[in-house]
Amino acid sequence: MPLPRLGHPNLGLGVGLRTVHFPHLLQHQPDVDWFEIISENFMDSQGRPRAVLEQLAERYPIVMHGVSMSIGSTDPLDQIYLRKLKALADAVRAQWVSDHICWTGVASRNSHDLLPLPYTEQTLRHVVERVRTVQEILERPLVLENPSSYVTFAASTMPEWEFVARLADEADCGLLLDVNNVFVSSVNHDFDPIEYLDAIPAERVVQFHLAGHTNLGTHLIDTHDGHVIDPVWELYRHAHHRTGGAATLLEWDAKIPPFPVVHAEVLKARDYMTAALTLPTSRESESSAPEVTVGRVAAVVPHPASIVLAEVE
Amino acid sequence: MSIPSPDLDALQRWMQSVIVHAGGVHQGIVSADAQAEIPLPVEQIDIVINPSTSQSSLERLAVYSNAYKARLLEVLISEYPALVHAVGEEAFVGLAGSYLEEHPSRSYTLADLGRAFPAFLAASRPPSQTEDGSPDWADFLIDLAHLERLYSEVFDGPGTEGQPTLQTDDLLRLSSEEWLTARLIPAPCLRLAEYRFPVHDYATAVRHDQDPPFPAAQITRLAITRRAYMVRRVAMEAREFGALSALANGLTVGDALQRVLADRSVTIDDLANDVRTWFRNWAVAVYFVGVQ
C-alpha cells in the first residue's frame, strides 16, 4: 500500500507561475505556499524566465508541470526532452514532475494539444510501459494528470476513471487530479463526476488542479481563463476529504488578472477543506460558467497555449 | 459497414490527420492520409468517435481541429506583433496558416514554432513591385519578421548576465602589437543585422501601441543584444557596423580597422577618434566578453 501522496508533502495552496506576474513576485515576494511552472517554458531558457525561476526557487517550493511528454503517443519517447526535464528538475529542486495522460502528436509532429487516448487494454499496456521508462530516466515517480477531453472513442473498453486508476497502480506513479477537468469531461461525456472521483486511488493523489473553464452551451472547454465555479469547488471538497488533502494549485492561463486576484482565488480552497460545506462569502465564483455566444467560439482555445515573449528596450 | 477496432498507432495517425487538415475535419476524414489509417466515409464517423447528447461526432472532432489552428496562430501572433500590425490580422492569419502547413511543429516547445517564419516569407514572397528593384512592401515584411524573431532568440538565449565582460581597461592594458593582433570574443547574444527599412523603429512603435505608417526604404544596420535580461538594439552607421561585424566574425583588431580604412574617404585621424568612441560604447553595450 503506497504512502499517502506517494510520500510527497502537502505543499498547501499554490499558483501557476506566469511571466506576467514576474515583476509583482520579485517586488512583493508574496506569501504563497508554492509555485508550479510549465516545464517547457524554462527547460531551454537562458534568459530572464530562467533567472527569475532560480530566484524564486530559493524561496518557494517549485513543482514542474509539462505539456509535451506525450506519454500516450506511439512515437518513441523523446530522450533529449527527458534529459532536459531531469536537468531542470535537479536544478530547481523540483518537488515532483507532472504531465498529462494524453498524447500530443505522432509521426514526429506536435499538435501542442492534450489529445485523448482510447481507453483499452492495449493503450494501458503501452502507457504503463512508457511511464516506467520515464520514471527510470527521471529517477523519480512521475505524476500524471487527467486531461479535459472533447471526444470519446468507440474503441474504448473502460471508463476514464478505471484507466487512470489502473495506470497509476500498474505503473506505480502519482496522480495530479484536476478537478475542473473531471467536471468539464463529465459534462462533455455525460458521466457522474463523483463516480470518477471515488474510483481514483486516493493515496496516489499527489496534487490537485483547479481552474476556470468556458461554457459553449453544447460543451465545456478547459480554458483556464476565469474563476473556479461552485460545482468544481464542490468536487474539490469531495476529493479533498477522500484523499486527506494534497497540494492544490490554481491555473489561470488566459486573460490573466493581477497576481493578488489569482492568489485570492486559490485561497478560497480553504473554505472547502472543512467538513461542513461553507460557501465563500466573496461571491466571485459562479454556480456555472456563463454561456458564451457562438461568435466567440473561434477565439476559445483550450489550455495549453503558453509561450514566453521577448522584452525589448 | 463495420471495421475492426483500429490499433492505437493507427487511431492516433488518423486523428492527427483529421484535426490538422487545413480544410477542416470533413476534408480531413476523406483525406488520403486519414483513409490510409482508417478507411471510413464521413457519414460513418460514429464507428470511431462517439457522439454526445449535444454534439455530433464531427462537431466534437472539430473542437480539436479549431483548437489546433487557433492555438498555433495565437502563438505566432504573439511572437510577431509588428508584422501583424503591418499586414493586418486577417492577412497574417492567411500567411501563418500557409506557414504552419509547410512547417508543422516538430518540437516540444512552442518557442520553436516561429523559427522558420522569416525564411518562409522570403521564399514565398511575390515578385518585386518596383521597376528599379528597390525594396518594396514584401521586403519590409521579411525584414520585420526577421527582426522580431531575433528579439525572441536573443531574449531567451544565452547571455552575459553574471559573466565577466570586456571592459575598456582590458584593452588599455594591451601593448600596441597585442592590440592589433587581438581577437575579441563576441557576447553570445550579439546579433548584427542589416535591413532595407528602419524596422526597429516600426517594431518599437507597435510595441508602444502606436500606429506607425509604412516607412520609406532606408539601409538600417542594427546591433541587437541583451543586457540585464532585456533585449536592446542600436542603429549604427556603416563604418562602425563594418568594424563591429569584422570583429564579431573573428578578425583581428588590426584587420578589422584595415577594412574600415579601405574606404578612402576615411583618414587615420578620423578612424582613431571613431575607434575610441566605438570601443567605449561597445564595452558599455557588452558586445564582447573577452580578448583572445
Anything in the stretch A:1-25 that is farther than 24 Å from B:Met230 by Cβ, open to solvent by 30 Å² or more (accessible area, probe 1.4 Å) and not in a loop (DSSP other than H, G, I, E, B)? List them, or say none.
A:Pro4, A:Arg5, A:Leu6, A:Gly7
Filter the stretch A:134-162 for residues that are within 12 Å of chain B (Cβ to nearest Cβ) and among the aromatic types (Phe, Trp, Tyr); which is surrounded by the fewest Cβ atoms within 10 Å (Cβ to Cβ)?
A:Phe153
Counting only residues that are open to solvent by less than 10 Å² (accessible area, probe 1.4 Å), facing chain B (nearest Cβ under 7 Å) and assigned to a loop (DSSP other than H, G, I, E, B), the stretch A:97-109 contains a total of 2
When only residues in the stretch B:104-132 that are within 18 Å of B:Phe92 (Cα to Cα), surrounded by fewer than 18 Cβ atoms within 10 Å (Cβ to Cβ) and of a type outside the set (S, T, N, Q) count, which is nearest to the other protein chains (Cβ to nearest Cβ)?
B:Arg115
All but one of (1) in a helix (DSSP H, G or I); (2) within 27 Å of B:Pro6 (Cα to Cα); (3) free of Cβ contacts under 8 Å to residues at least 40 places away in the same chain hold for A:Ala155; state the number of the condition that does not hold.
(1)
Yes or no: A:Arg166 of a type in the set (Lys, Arg) and under 30 Å from B:Pro104 (Cα atoms)?
no
Please verify whether B:Val30 is more than 11 Å from chain A (Cβ to nearest Cβ), more than 28 Å from the chain's Cα centre (by Cα), aliphatic (A, V, I, L, M) and open to solvent by 20 Å² or more (accessible area, probe 1.4 Å), treating the condition exactly as stated.
yes
Pull out all pairs, ordered by first then second residue, where Cβ-Cβ is under 6 Å, the residues are six or more apart or on different chains, the first lies in the stretch B:117-132 and is closer than 13 Å to B:His146 by Cβ, and the second is among the β-branched types (Val, Ile, Thr).
B:Leu121/B:Ile142; B:Ala122/B:Ile142
For the list (1) modelled with pLDDT under 95; (2) over 20 Å from A:Arg5 (Cβ atoms), I need the number of the one condition that A:Phe163 fails.
(1)
If I filter the stretch B:271-290 for residues that are over 25 Å from B:Gln163 (Cβ atoms), surrounded by fewer than 20 Cβ atoms within 10 Å (Cβ to Cβ) and small (Gly, Ala, Ser), do I get at least one hit?
yes
What are the residue pairs meeting all of these: first residue in the stretch A:9-32, first residue in contact (Cβ under 8 Å) with a residue 60 or more places away in the chain, second residue open to solvent by 20 Å² or more (accessible area, probe 1.4 Å) and aliphatic (A, V, I, L, M), Cβ atoms under 9 Å, and 6 or more apart or on different chains?
A:Leu13/A:Leu267; A:Arg18/A:Ile256; A:Thr19/A:Val308; A:Thr19/A:Leu309; A:Val20/A:Ile256; A:His21/A:Ile256
When restricted to B:Leu144, B:Leu180, B:Leu174, B:Leu166, the only residue within 14 Å of chain A (Cβ to nearest Cβ) and either open to solvent by less than 10 Å² (accessible area, probe 1.4 Å) or hydrophobic (A, V, I, L, M, F, W, C) (or both) is B:Leu144
Flagged in the stretch A:59-86 as within 9 Å of chain B (Cβ to nearest Cβ) and either touching a Gly at 6+ places or on another chain (Cβ under 6 Å) or assigned to a loop (DSSP other than H, G, I, E, B) (or both), in numbering order, are A:Gly66, A:Val67, A:Ser68, A:Met69, A:Ser70, A:Gly72, A:Ser73, A:Thr74, A:Asp75, A:Asp78
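Let's see how each residue does on (1) within 11 Å of chain A (Cβ to nearest Cβ); (2) assigned to a helix (DSSP H, G or I); (3) open to solvent by 60 Å² or more (accessible area, probe 1.4 Å); (4) within 30 Å of B:Tyr202 (Cβ to Cβ):
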| position | (1), (2), (3), (4) |
| --- | --- |
| B:Ser5 | yes, no, yes, no |
| B:Leu11 | yes, yes, no, no |
| B:Gln16 | yes, yes, no, no |
| B:Glu43 | no, yes, yes, no |
| B:Ala62 | yes, yes, no, no |
| B:Glu74 | yes, yes, yes, yes |
| B:Gly97 | no, yes, no, yes |
What do you reckon, is B:Pro188 within 25 Å of A:Asn41 (Cα to Cα), within 14 Å of chain A (Cβ to nearest Cβ), touching a Cys at 6+ places or on another chain (Cβ under 8 Å) and surrounded by fewer than 18 Cβ atoms within 10 Å (Cβ to Cβ)?
no
In contact with a Ser or Thr (Cβ under 7 Å, 6 or more places away or on another chain), open to solvent by less than 10 Å² (accessible area, probe 1.4 Å) and of a type in the set (A, V, I, L, M, F, W, C), is that true of A:Val131?
no
Take the conditions open to solvent by 20 Å² or more (accessible area, probe 1.4 Å), closer than 16 Å to B:Trp282 by Cβ and at pLDDT 95 or above and apply them to B:Ala235. Does it pass?
yes
Could you identify the single residue in A:Ile37, A:Ile80 that is hydrophobic (A, V, I, L, M, F, W, C) and closer than 22 Å to A:Ala246 by Cα?
A:Ile37
Consider B:Ala86 against the criteria (1) within 11 Å of chain A (Cβ to nearest Cβ); (2) assigned to a helix (DSSP H, G or I); (3) in contact (Cβ under 8 Å) with a residue 60 or more places away in the chain: it satisfies all of them except one. Which criterion is unmet?
(1)
Condition first: polar (S, T, N, Q) and either open to solvent by 10 Å² or more (accessible area, probe 1.4 Å) or more than 20 Å from the chain's Cα centre (by Cα) (or both). Now tell me which residues in the stretch A:71-96 satisfy that.
A:Thr74, A:Gln79, A:Gln95
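The values are calculated or read from the model by the stated rules, or taken from the named source; none is laboratory data. Because the structure is predicted, anything quoted here is derived from the model rather than measured. Methodologically, a virtual Cβ is constructed for each residue, glycine included, from the backbone with ideal geometry; neighbour enumeration extends over all protein chains shown. In case anyone asks, the SASA skips ligands and DNA or RNA and just uses the protein heavy atoms, side chains included. Shrake-Rupley method; radii C 1.70, N 1.55, O 1.52, S 1.80 Å.
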